[in-house]
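Colleague: Have a look at the structure that comes next, please.
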Amino acid sequence: MPRTCCSVPRCHLRGGHEFPSNLELRDTWVKAIKRIDETTSKQWIPSSTAVVCKAHFTVSDYVQQTIHGQKPLKMKLLSTAIPSQFEWTRPDTASQID
């Protein structure tokens with residue numbers, strides 16, 4: 001089992017996708033997950049082992065087929081994917097009960 005917890009606040013799942021090496025895309029991920037350094041109240045800087053779990057990506061964020069037209073054996077994240085599925089972006093189902 002992976003030992004690294006997801007970097008998204010209030011998410012306790014383990015394992016996931018490493019932050020991109022492209023600094024601009026990495027900064028976009030950090031802003032998307034809304035994580036702040038608690039000691040300085042500034043934008044958090046991910047470590048080399050920091051990850052975002054698959055729960056924060058949509059199906060369309062992954063490669064859907066290989067160059068041979070087959071479904072990939074392993075889910076591969078697109079290089080342009082940005083985490084977008086969070087507790088704070090999901091509709092509150094409790095408030096929708098009749």
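Colleague: Per-residue ellipticity at 222 nm for the chain, helices alone: DSSP H runs ≥ 4 residues times -39500 (n - 2.57), over residue total, nearest 500 deg cm²/dmol? Mind showing how you got there, number by number?
Modeller: Values: 1 runs with 11 residues, N = 98.
-3500 deg cm²/dmol, from helical runs alone.
Colleague: Please give the contour-minus-distance gain from residue 23 to residue 48: 0.36 nm per residue of separation, less the Cα-Cα distance, rounded to one decimal in nm.
Modeller: Taking 0.36 nm per residue and subtracting the Cα distance, the gain is 7.7 nm.
Colleague: Shape of region 1-48 from its Cα gyration tensor (a ≥ b ≥ c, root eigenvalues): rounded if a/c is under 1.5, otherwise prolate when a/b > b/c, or oblate?
Modeller: oblate
Colleague: Can you give me the relative contact order of the chain as a percent, contacts being Cα pairs under 8 Å and 6 or more apart?
Modeller: Rounded, it is 26 percent for the chain.
Colleague: Let me ask something additional. What is the calculated FRET efficiency for residue 71 to residue 31, with r their C-beta to C-beta distance and R₀ = 35 Å, to the nearest 0.05?
Modeller: Plugging the Cβ-Cβ distance into 1/(1 + (r/R0)^6) gives 0.65.
Colleague: In the chain, how many lysine pairs have Cα atoms under 19 Å apart, counting only pairs 8 or more places apart or on different chains?
Modeller: Lysine pair count for the chain: 7.
Colleague: Between Rg and the Kirkwood Rh of the chain, both from Cα atoms, what is the Rg to Rh ratio? Provide the component values of the computation, followed by the final result.
Modeller: Details: Rg = 15.4 Å, Rh = 15.0 Å.
A ratio of 1.02.
Colleague: Still on this structure: Using DSSP to define loop residues, name the trypsin sites (Lys or Arg not before Pro) in region 16-74 whose beta-carbon has at most 10 other beta-carbon atoms within 10 Å.
Modeller: Working: sites: 26, 31, 34, 35, 42, 54, 74; in loops: 34, 35, 74.
Filter output for region 16-74: 74.
Colleague: In whole Hz, with x marking every Gly and Pro, tabulate ³J(HN,Hα) for region 21-28 from phi via Karplus 6.51 cos²θ - 1.76 cosθ + 1.60, θ = phi - 60°.
Modeller: Going residue by residue, I get 6, 5, 4, 5, 5, 4, 5, 5 Hz, with x marking Gly and Pro.
Colleague: Counting only residues 5 or more places away or on other chains, whose amide H sits under 5 Å from the amide H of residue 17 once H atoms are built in the peptide plane?
Modeller: Distant-sequence amide H within range of residue 17: 52, 53, 54.
None of the figures in this text is laboratory data; all of them are computed from the coordinates on show. Note that the structure is a prediction, hence the values are computed from the model and not measured. Glycine also receives a Cβ, built like all others from the backbone with ideal geometry; neighbour counts cover every protein chain displayed.
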